[in-house]
Amino acid sequence: MNLGRQVYIVYPLIEESEKTDLKNLEEGYAALTEIFPEYKLSKIHGRMKSKEKEAEMARFANGETQILVATTVIEVGVNVPNASVMVILDAQRFGLSQLHQLRGRVGRGADQSYCILVTNRALSAETRKRIDIMCETNDGFRIAEADLKLRGPGDLEGTQQSGMAFDLKIANIARDGALVQLARDEAQKIIERDPNCNLPEHAMLWNRLKELRKTNIDWAAIS
């Protein structure tokens, strides 16, 4: 900040909770104003009204404040090239995709940028893998692939967002991406050749599909 750059500090919670000892934004903001009395601070979180958030973001973007204390509301749509440092507190509480989105807020200018992940000392094996992946690569495709392998694909036809909600008899969707893509391409060719399911050579396929899909899916209810 002595060089004129700006800093994001991201908290997992807005206020203190009796259920967890995670660091929270309100206490952090108060502490930071005392630690850095020579700098001006902004804060943004999801409980603020849109106009309040926009005003605070504008102050930071215009350089009126040097530190933006925020929750994950800044993970998309924020562009401040002068911000070169992000500190994410209790980073173990965030998913890979979310950490990658947050990290994308820095490094938008010409200056060397840094994203500092602060975690507890005791981490589970899966959490440590997640943090290690963030430290090893900036490649969004690799991170998305790793996230899929760690979390599982969830349920396309329901509300489950992680794990393995359906049983693939041959492929593992996280491991066998190329095989799944090949099967998809072949299925697409069949649909293009026989959109109305009338060709005799495809009868066995359509009959088998009907057996596997005995219930109708209400996609609107899922969304």
**Prompt:** Among the residues of the range 21-62, which ones are charged (D, E, K, R) and in a helix (DSSP H, G or I)?
**Reply:** 26, 27, 34, 51, 52, 53, 54, 56, 59
**Prompt:** Quick one: residue 115 ticks every box in (1) out of contact with any Lys or Arg (no Cβ under 6 Å at 6 or more places or on another chain); (2) at pLDDT 90 or above bar one, so which box is it?
**Reply:** (1)
**Complete:** Only unsatisfied item for residue 206, checking (1) loosely packed, with under 13 Cβ neighbours inside 10 Å; (2) at pLDDT 75 or above, is (1)
**Item:** Set 97, 17: member being in a helix (DSSP H, G or I) and at pLDDT below 90
**Value:** 97
**Prompt:** Is it the case that residue 30 is among the aliphatic types (A, V, I, L, M), loosely packed, with under 15 Cβ neighbours inside 10 Å, more than 23 Å from residue 114 (Cβ to Cβ) and over 26 Å from the mean Cα position of the chain (by Cα)?
**Reply:** yes
**Item:** Count of residues meeting criterion [surrounded by fewer than 22 Cβ atoms within 10 Å (Cβ to Cβ) and either part of a strand (DSSP E or B) or among the hydroxyl-bearing types (Ser, Thr, Tyr) (or both)] in the range 68-92
**Value:** 4
**Request:** Name every residue in the range 38-71 that is over 27 Å from residue 3 (Cβ atoms) and of a type in the set (S, T, N, Q), in order of residue number.
**Result:** 50
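The values are calculated or read from the model by the stated rules, or taken from the named source; none is laboratory data. In this text the structure is predicted, and so the values were computed from the model without any measurement. All Cβ positions, glycine included, derive from the backbone under ideal geometry; neighbour counts span all protein chains shown.
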